[in-house]
Amino acid sequence: MKLTQENWGHIEGQEVPVKLFTLANEHGMTIRVTNYGCIVSSIEVPDRNGQIADVVLGYESLEKYVAGHPFFGAVAGRFANRIRDGRYQLDGQVFQLETNELPTGQHLHGGSKGFDKYVWNYSIEEQSEAIFVHFSRFSPDGESGFGGNLVVTHSIGLDEQNQVHYNFTAHTDQPTVVNLVNHSYYNLGGHDSGTVDNHQLTLHSEFYTPVDETMIPTGEICSVTDSDLDFTSRIEVGNREFDHNFILNGDADRQGYRLAAELYEPNSGRAMTVFTTQPAVQFYNGFKLSNKPRYGRNGHKYENREGLCLETQHYPDSPNQAHFPSVRLNPGELFEEKTIHRFEVK
């Protein structure tokens, strides 16, 4: 394992300098992460012939991320996904958040200045078989409208088994709601190889949460059987539009992980398997990527469906849906969720 770090710039009004960390293992796999928004800017992995390609969408400079992007590789929080009308209630107190998703009028991913817009503190843990960068920040009571002083740690690591780790912990001094996720866009053919339509996907989910026209869950739990959302057996993603929350099957293993998703790109032979302690995964195939011009590394222009997201999470609008798994965090409790993305070739 090898770690290098470099200065990557500075964000006006934020004291901590921006760093870019490069983690590499002995099998030709490299990831790059920054403490600005905990962004994973690059994941390089070999194909079946040993050719290296970058399999996440992203930029080569801090300036491009600051100029705006659709959560390429970033943390989403304090609450990932959507909350109806930007409003939730805890113990009789109503919390009004920003309704920052203009097409739907909902709160999305923590607001216009969510966790992705901050420079995080960091520490490094080097093990013989893995390296982790532990990002941390203090989110004060009232930030983006959320209640409670929240202390958050997001640890991102790479190990010698070609696994990328996304771990979260948080604690609070007042009851609050928390839903944290990494929002990387994957293209196993390479970030500049075209659409992900040919990717073959398995989701270990037999049920999903349907939504209304504003992308808020109706509260129903529906079967994927006989629908376009049935990925229980490996099928090609194709050119349809997906942005759905899938409920994961089965019991967790002794470490608390469930098998969530398996993704395969036949031309390169690259495969990615996702394990998580979270109860669900949001599958989005990037069908809105070209709503603004976005030029990634090497000047490649990202078009619709050139990257897909597998966001392990709690259900959208959970604070307003009592029968969904709880996202409430109380003082004295620890929020803890983990996800692993394992890369290999077949």
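Is it true that Leu158 is crowded, with 21+ Cβ neighbours inside 10 Å and over 17 Å from the mean Cα position of the chain (by Cα)? When the stated conditions are applied, Leu158 does not pass them.
Every residue, every condition in (1) buried (at least 17 other Cβ atoms within 10 Å of the Cβ); (2) at pLDDT 95 or above; (3) farther than 30 Å from Glu265 by Cα; (4) touching a strand residue (DSSP E or B) at 6+ places or on another chain (Cβ under 6 Å), yes or no:
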| position | (1), (2), (3), (4) |
| --- | --- |
| Ser139 | yes, yes, yes, yes |
| Leu150 | yes, yes, yes, yes |
| Gln163 | yes, yes, no, yes |
| Ser193 | yes, yes, no, no |
| Tyr208 | yes, yes, no, yes |
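In the set (1) touching a residue at least 60 places away in the same chain (Cβ under 8 Å); (2) part of a loop (DSSP other than H, G, I, E, B); (3) of a type in the set (S, T, N, Q); (4) in contact with a His (Cβ under 9 Å, 6 or more places away or on another chain), the condition left unmet by Gln282 is number (2).
Say whether the condition of being in contact with a strand residue (DSSP E or B) (Cβ under 6 Å, 6 or more places away or on another chain), over 23 Å from Gly114 (Cβ atoms) and small (Gly, Ala, Ser) is met by at least one residue in the stretch 166-187. Scanning the stretch 166-187, I find no residue that is in contact with a strand residue (DSSP E or B) (Cβ under 6 Å, 6 or more places away or on another chain), over 23 Å from Gly114 (Cβ atoms) and small (Gly, Ala, Ser), so the answer is no.
Residues in the stretch 243-271 that are part of a strand (DSSP E or B) and of a type outside the set (Gly, Ala, Ser): Asp243, His244, Asn245, Phe246, Ile247, Arg258, Leu259, Glu262, Leu263, Tyr264, Arg270. May I ask you to verify whether Ser233 is loosely packed, with under 15 Cβ neighbours inside 10 Å, modelled with pLDDT of 95 or more and under 23 Å from Arg87 (Cα atoms)? No. With respect to the stated conditions, Phe132 is free of Cβ contacts under 8 Å to residues at least 40 places away in the same chain, closer than 24 Å to Ile340 by Cβ, surrounded by 16 or more Cβ atoms within 10 Å (Cβ to Cβ) and within 19 Å of the chain's Cα centre (by Cα). Restricted to the stretch 98-115, and to residues there that are in contact with a Ser or Thr (Cβ under 8 Å, 6 or more places away or on another chain) and in a strand (DSSP E or B), the residue that is surrounded by the most Cβ atoms within 10 Å (Cβ to Cβ) is His107. For first residues located in the stretch 144-163 and assigned to a loop (DSSP other than H, G, I, E, B), partners that are at pLDDT below 95 and not small (Gly, Ala, Ser) and lie 6+ apart or on another chain with Cβ distances below 6 Å do not occur. Look through the stretch 248-268, keep the residues that are closer than 14 Å to Glu206 by Cα and at pLDDT below 90, and return whichever of them is surrounded by the fewest Cβ atoms within 10 Å (Cβ to Cβ). Per the stated criteria, the residue is Asp251.
If you go through the stretch 193-212 and keep only what is in a loop (DSSP other than H, G, I, E, B) and either free of Cβ contacts under 8 Å to residues at least 60 places away in the same chain or on the phi > 0 side of the Ramachandran plot (or both), you end up with Gly194, His204, Glu206, Pro210, Asp212.
Looking at Asn167, Asn198, just one residue is more than 24 Å from Ile83 (Cα to Cα) and among the polar types (S, T, N, Q), and that residue is Asn198. May I ask you to say which residue of Ile31, Ile83, Ile52 is of a type in the set (A, V, I, L, M) and over 23 Å from Glu306 (Cα atoms)? Just a single option satisfies the conditions, and that option is Ile83. Within the stretch 36-59, identify whether any single residue is in contact with a Leu (Cβ under 9 Å, 6 or more places away or on another chain), touching a residue at least 40 places away in the same chain (Cβ under 8 Å) and of a type in the set (Phe, Trp, Tyr), and answer yes or no. Looking through the stretch 36-59, at least one residue is in contact with a Leu (Cβ under 9 Å, 6 or more places away or on another chain), touching a residue at least 40 places away in the same chain (Cβ under 8 Å) and of a type in the set (Phe, Trp, Tyr). Any residue that is hydrophobic (A, V, I, L, M, F, W, C) and in contact with a Gly (Cβ under 8 Å, 6 or more places away or on another chain) - is there at least one of those in the stretch 242-262? Yes; the residues of the stretch 242-262 include at least one that is hydrophobic (A, V, I, L, M, F, W, C) and in contact with a Gly (Cβ under 8 Å, 6 or more places away or on another chain). Scanning the stretch 51-83 for residues that are touching a Gly at 6+ places or on another chain (Cβ under 7 Å) and among the small types (Gly, Ala, Ser) yields Ala53, Gly58, Gly73, Ala74, Ala76, Gly77.
The values are calculated or read from the model by the stated rules, or taken from the named source; none is laboratory data. Just so it is clear, the model here is predicted, and its values are computed rather than measured. Note that we place each Cβ from the backbone using ideal geometry, even for glycine, and neighbour counts take in every protein chain shown.
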